[in-house]
Every structure is written in structure tokens, then in C-alpha cells.
1. What tally of residues in region A:14-48 results from selecting those that are assigned to a loop (DSSP other than H, G, I, E, B), more than 26 Å from residue A:106 (Cβ to Cβ) and more than 9 Å from every other protein chain (Cβ to nearest Cβ)?
2. Looking at A:100, A:70, which one is within 27 Å of residue A:160 (Cα to Cα) and modelled with pLDDT under 95?
3. When you look at residue A:111, is it closer than 23 Å to residue A:10 by Cβ and in contact with a strand residue (DSSP E or B) (Cβ under 9 Å, 6 or more places away or on another chain), yes or no?
4. I'd like to verify a number: residues in region B:83-111 that are more than 16 Å from residue B:360 (Cα to Cα), in contact with a strand residue (DSSP E or B) (Cβ under 7 Å, 6 or more places away or on another chain) and without any contact (Cβ under 8 Å) to a residue 60 or more places away in the chain, how many?
5. Please go through region A:74-84 and give me each residue that is in contact with a helix residue (DSSP H, G or I) (Cβ under 7 Å, 6 or more places away or on another chain) and within 14 Å of chain B (Cβ to nearest Cβ), ordered by number.
6. What do you reckon, is residue B:351 touching a helix residue (DSSP H, G or I) at 6+ places or on another chain (Cβ under 6 Å), outside the structural domain of residue B:214 (by TED's automatic domain parsing) and either assigned to a helix (DSSP H, G or I) or at pLDDT below 95 (or both)?
7. Which residues, counting only those in region B:74-89, are buried (at least 17 other Cβ atoms within 10 Å of the Cβ) and within 13 Å of chain A (Cβ to nearest Cβ)?
8. Show me the helices (runs of 4 or more DSSP H) entirely contained within region A:85-166 in which 1 or more residues are free of Cβ contacts under 8 Å to residues at least 12 places away in the same chain and more than 14 Å from chain B (Cβ to nearest Cβ).
């Protein structure tokens with residue numbers, strides 16, 4: 001089972017990883033895994049388990065282009081992020097790193113700390129109370145990038161960018 | 001009929017494209033800065049397996065995010081970046097003190113109308129000040145663009161902000177941009193581009209204020225039409241060696257009948273100074289609505305409002321006056337050129353005589369890393385672009401965003417102040 005972590009709206013990348021905790025600023029870059037939400041929600045990094053689900057409000061990931069924000073989430077094994085709207089640079093970075101992002105508003109349906117099962121291939125969340133939540137399927141070109149494991153493996157496999165077969 | 005973004009991306013894709021299409025395009029310029037270059041270099045070589053960048057004349061590297069280095073590890077990483085630049089034969093390295101990437105690439109004539117420019121910095125929307133399609137991307141996208149000379153986009157819809165009239169005294173481009181954030185909200189132009197019309201009377205760097213703040217409403221790009229004839233908007237000459245350099249502005253123009261997803265009309269004659277209160281950029285009110293807000297430190301700088309024009313606007317208010325007791329005012333010029341110009345015409349001396357201090361041109365404390373980081377409980381009046389909690393240092397600090405005019409007036413009184421009030425309340429020292 002995966003734990004649900006609920007976040008509010010307009011979560012910016014400074015809240016995900018403050019610029020002061022960038023790999024550029026660290027003696028040991030591997031320490032980045034200790035810093036997702038280090039100031040915004042200090043119980044997240046010590047408590048998150050691989051596969052856990054972030055469920056957030058509108059405009060998740062707004063602000064900076066720093067890829068180390070989604071990278072920090074990947075390092076701790078976040079299984080997917082669900083929000084009604086993602087800021088575009090964050091969405092692209094998460095896609096590039098192979099973190100599934102689903103566009104839906106579940107902040108009033110799921111509870112913080114709730115246990116759920118995430119069935120990625122089906123785009124389905126099954127809650128500990130047996131509720132089935134169908135996530136909207138992302139466009140095909142985005143699914144292809146996830147399936148490849150991120151944009152770099154996609155590019156190396158196909159020799160072109162998503163959306164166009166050249 | 002096409003928007004500016006559709007015209008530029010059509011040219012870059014080699015075919016006519018419209019909003020909603022997913023396209024692969026050629027990029028004209030790739031910008032990377034010191035903060036992310038080490039990771040970009042690693043992805044380029046280790047993950048993509050590329051030995052060289054696609055074109056060493058179309059990759060620009062700028063040391064601006066921690067400049068000069070503030071620690072052994074940042075110094076070490078900057079040294080690594082310089083070695084890499086040499087080994088790749090990259091032509092454009094703008095090192096410590098040259099300034100922030102965005103004004104520098106415009107001043108150097110590298111950013112030109114009609115170009116597609118991708119940068120490892122979200123404020124790369126800045127290049128819209130010269131009607132380039134500039135956009136920010138992360139490490140992996142920039143590494144891919146540097147390796148291949150291409151990237152992919154969903155062609156954005158466009159939100160039109162149409163300004164009418166002229167600013168009243170004490171009101172400037174920052175107030176227009178913050179007002180747009182107030183109306184459009186932080187997500188109002190997500191996945192879209194913003195076009196700023198009716199602002200042809202602004203200088204290039206004043207246009208950059210609008211272009212940089214476009215990301216704060218979520219925009220992919222923020223473009224000002226390429227009209228350079230009117231007052232002060234002098235396009236720096238293109239570097240002779242820049243390939244596909246200056247498009248004639250008539251190649252790219254506002255087309256009647258272009259489709260806009262939303263139109264926001266702003267009456268500049270009625271616009272008051274705008275303040276973005278903690279902790280989101282769209283938390284904006286008229287200054288007059290806010291009451292008395294005490295400020296500990298005034299910070300004038302960044303790619304949004306650290307330009308020559310901004311220092312000069314502050315100097316006009318500070319001239320012959322002194323900072324309020326206990327006030328600190330930090331001025332971090334956006335570029336060496338801006339600093340030189342402010343030095344040559346006495347602007348800098350005016351700032352210093354008023355009690356301000358000057359930092360090395362660059363990003364300064366905008367990212368909370370050095371040169372004026374905030375303590376818990378401190379309140380900063382910032383001419384930059386983000387007031388997120390913890391952005392400039394302690395998460396217990398409060399950041400208010402405002403124009404350079406409001407910044408200067410506030411530095412004189414110690415609390416948020418309308419520039420027009422200064423004349424009445426603080427007579428000149430004789």
C-alpha cells in the first residue's frame with residue numbers, strides 16, 4: 001500500500017527544495033534525498049516510502065526551473081503526483097525524469113495519511129476503503145515517455161522527441 | 001493569422017504551426033548558468049552519451065547565480081564549468097561580475113527578435129523583451145537541446161495583456177506586471193504565452209520586467225512585439241558571428257485576427273503602485289490598500305528590476321535624501337553594463353550618498369544563497385520576482401515585491417511608501 005501525502009495549492013519549487021539546498025550548494029549531492037519539503041513539511045522526507053502518492057492542489061510545482069525539485073521526489077521514490085494543474089516546467093521535468101503526473105483534483109476525496117493502492121498501468125487508485133478512483137489517461141505521447149522511463153531513454157530509443165516520428 | 005509565438009515556432013519548425021500542436025523545433029540559443037551547468041554537463045555526457053554540444057557558438061554559459069563564489073564547493077563547481085567551456089570550445093562564457101544571464105544575452109546582441117531561446121532558468125521568458133520566444137527548462141531538457149540543437153513544445157495559446165494610456169508619476173512596468181498577476185493569478189497563463197501590447201514606449205529592459213514576470217502567471221513565454229522605434233528602445237547590435245541573426249522586425253509582427261485565449265485590458269492612467277504581499281506573487285493589492293507595513297531592508301536588483309533604468313528611477317527619489325534610520329538598502333545591478341552606465345552618469349553616487357550599498361552584478365540574494373540573505377522575522381521590500389516563503393533566506397522572513405520607485409520611497413521612510421508621498425513629507429537636505 002502507498003501512503004497519501006496531501007499538499008495545498010500553488011506549491012512552488014522553493015517549497016519542494018529551497019534554492020539553498022540545491023546540489024550546487026551541497027558538499028555531498030546525494031544529500032538531496034533528505035531535502036524534499038525540508039522546510040515546508042519536515043515530516044515528509046523522513047516518512048515517505050517508495051511508491052507513496054503526492055496529492056496536491058492547483059498549480060503544483062510553480063516557480064523555478066530547478067529539476068532538482070522533482071529529482072528529490074524521485075530519489076525518495078514518489079510513485080505519482082496527482083494535481084488539478086501542474087506548472088509547465090515542473091510537469092516537463094517530472095516527465096523527463098519518469099515521474100507519473102496525473103491531472104485530477106483528489107484533495108477533497110483522499111485524506112492525508114490514507115493508505116491506497118496505485119495501479120499505474122490502469123491509472124487506478126484503490127483506497128483502503130475499497131473506493132476505486134479512475135485517473136484521466138494522459139495523452140499517448142506522454143505515456144510513451146513514461147513507458148521508456150523518461151525523456152533520455154525515450155530519445156535514445158526512438159531518436160526523436162515526443163509527438164513527432166521523424 | 002498567427003500570434004507572435006505561432007510565427008516564431010512556425011519558423012523554427014519549418015512549417016506553419018498553430019496553438020495546440022506538438023512540434024519539434026530548432027533552437028537558436030541555449031543558455032545555462034552556474035547553478036545547473038554541472039548537472040547539465042553530467043546528463044549531456046553520461047546519460048545522453050554526447051561528446052560535444054551541437055554548436056559551441058550557440059551555447060552561452062553565464063556565472064550569475066552565486067557570483068562570486070560563496071563557498072569552496074560553489075567555487076569548485078564554477079572551476080569545473082570553466083574547464084568544460086574551454087574543452088568544448090564554447091564561445092560565450094560570461095563570468096563573475098558580467099551580470100545576470102538575461103540582460104547580458106540581450107546586451108551582447110545574442111538574443112534577437114524571432115529566435116527560440118531555451119535557458120536553464122525559469123525567467124528565460126525575459127528574452128521576450130526583444131520578441132524572442134524565450135522559455136525556461138530543467139537540466140535534462142537543456143542538456144538535450146545543447147546536444148541536439150532541438151527541443152519540443154506544445155505550441156501555446158496566447159493570453160493578451162493590452163495596456164492603454166501612460167503610467168502616472170511613480171508608477172512603472174513592475175506595477176503593470178504585478179497588476180496582471182493580480183488579475184490572471186499564478187496559474188492564469190499556464191501552458192500559454194503572454195503578449196504585452198501597448199507598451200512600445202518602454203525601453204528594452206523595462207520590457208524585460210514584463211517578460212520575466214510572465215513566468216509568475218505560469219507562462220511559457222512572455223513577448224513584447226518587436227517595435228523598437230519609440231523612445232529609448234534601442235536594440236543592441238547583433239553579434240556579427242551570431243548565425244540567423246537580426247530578423248527584420250517586419251518579419252515578425254502582431255497580426256490582426258490572431259487568436260487570443262484571454263484578453264486583459266489595463267488602463268495605465270488609473271494604475272496605482274502595486275504590492276505583492278507574502279507569500280505568493282499573485283497576492284497583489286494597491287499600495288494604498290495596505291496600511292503601514294514596516295520594512296527592514298530594501299533590495300533593488302534581479303533580472304526583473306535591477307537594470308540601469310531601475311537604479312536611475314530609485315536615484316531620482318533618493319537624490320539629496322538619506323535612508324531612514326536603521327534601514328539597509330542593497331543595490332545589486334543586473335549587469336556590468338548597467339553598473340557602468342550608472343557610474344558614468346552619477347546615478348551610482350546618488351545611491352551611495354543616500355546610504356545604499358552595492359553588490360556584484362548577478363542574481364544576488366534572489367535565490368537566498370548569498371549577498372543579503374534574510375534572517376527570521378525580517379521584512380524585505382524586494383524589486384525582484386518571487387516572494388515565496390524562504391526564497392531569500394529564512395522561511396520566517398517576509399518578502400514584499402514592488403517597483404524600484406516604491407523601493408526607494410520605502411527606503412527613505414522605513415515603511416511601504418508611495419513615491420509621490422516622498423516629495424511632500426521629506427524635503428531635500430540642503
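The values are calculated or read from the model by the stated rules, or taken from the named source; none is laboratory data. Treat the numbers as computed from the prediction; the structure is a model and nothing was measured. A quick note on method: Cβ atoms are made from the backbone with ideal geometry, for glycine too, and the neighbour counts reach across all protein chains shown.
1. Qualifying residue count for the region: 1.
2. A:100
3. Here the answer is yes, as residue A:111 does meet what is asked.
4. 4
5. A:74, A:75
6. Numbers: touching a helix residue (DSSP H, G or I) at 6+ places or on another chain (Cβ under 6 Å): yes; outside the structural domain of residue B:214 (by TED's automatic domain parsing): yes; either assigned to a helix (DSSP H, G or I) or at pLDDT below 95 (or both): yes.
Taking the combined requirement at face value, the residue satisfies it.
7. If the condition is that a residue be buried (at least 17 other Cβ atoms within 10 Å of the Cβ) and within 13 Å of chain A (Cβ to nearest Cβ), then B:74, B:77, B:78, B:81 are the ones that fit.
8. The helices (runs of 4 or more DSSP H) meeting that bar are A:140-148.
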